[in-house]
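Computed from the coordinates by the stated procedures, all read-outs in this text should not be read as laboratory data. The structure presented is a predicted model; accordingly, all values stated were derived computationally and were not measured. Neighbour counts are summed over all protein chains in view; Cβ atoms, including those assigned to glycine, are modelled from backbone coordinates with ideal geometry.
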C-alpha cells in the first residue's frame, strides 16, 4: 500500500539535484543542492536536511466526473525513464481564498481560470501529482510535483506561465519554483 503522506527534504542527499530555486512571491526557502523524497512522514528534517515539506495525496477536488476521466486517461505515471527533469512548486494561497466556499473556489479554479483544461493540453508530456498540505499546518497549502523529459522543458515553461496568468493565481501569496534533474548519488 502506498503511503498517503510524503516528505520532501531539501539538503545534501537525494536522487534529485537542484538546478535552481526561484522565489516568485513570499519568503524564500534556503538554497540546497539536493532533494530527497520519502513516501512516509518525517516529523523533522533528517540530519542532512535543511528544510522539510510534507503533503498528502488525496482525492481530486474541484473536478467533475468527465474532467477526472479525461485526466486519468491522459495522465502518465511518475517515474518514467525519460522524465529526468522535475519541478517542485510549493504554493500558499491567501486567507481570502480559504474563506471562499468550495463551489466559489471551483468557479475561480476551472470556470474562470480553466486550470484543468489548461493542464489537459500538456498531458502526457508532463506528469504531475498534487500534495495537499493546508490541513497539516505546513508552511504551504499545496506541493505540486511535475516530471518531464528534457525535450519538454519549453512545454513545461509554457504550462506554468499560462497558469500563473489566471485569476486563480491572484490568490497565491507564496510560491517557490524548484527545478531539478534526476541524478543518483
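Some notes on this structure:
- For the range 85-169, relative contact order (Cα pairs under 8 Å, six or more residues apart, normalised by length) works out to 41 percent.
- Acute angle (nearest 10 degrees) that the helix 153-163 long axis makes with the longest principal axis of the chain, alpha-carbon atoms: 50
- Per-residue ellipticity at 222 nm, computed for the chain from helices alone with -39500 (n - 2.57) per DSSP H run of at least four residues, works out to -5500 deg cm²/dmol.
- Debye log10 I(q)/I(0) at q = 0.12, 0.15 Å⁻¹ for the range 5-182, Cα point scatterers: -0.55, -0.90
- The mean sequence separation of alpha-carbon pairs under 8 Å and at least six residues apart, normalised by the residue count of the range 1-40, gives a relative contact order of 61 percent.
- Exposure proxy for 16, 169: other Cβ atoms within 10 Å of each Cβ, ordered fewest to most, give 169, 16.
- Relative contact order, percent, the chain [alpha-carbon distance under 8 Å, six or more residues apart]: 33
- Length released on extending from residue 99 to residue 182, taking residue separation times 0.36 nm less the Cα-Cα span: 26.0 nm
- Look at 122, 148 and count the other Cβ atoms within 10 Å of each Cβ; fewest to most, that gives 122, 148.
- Between the range 133-157 and the range 44-111, the alpha-carbon center distance in angstrom: 7
- Against the main long axis of the alpha-carbon atoms of the chain, helix 65-74 sits at an angle near 40°.
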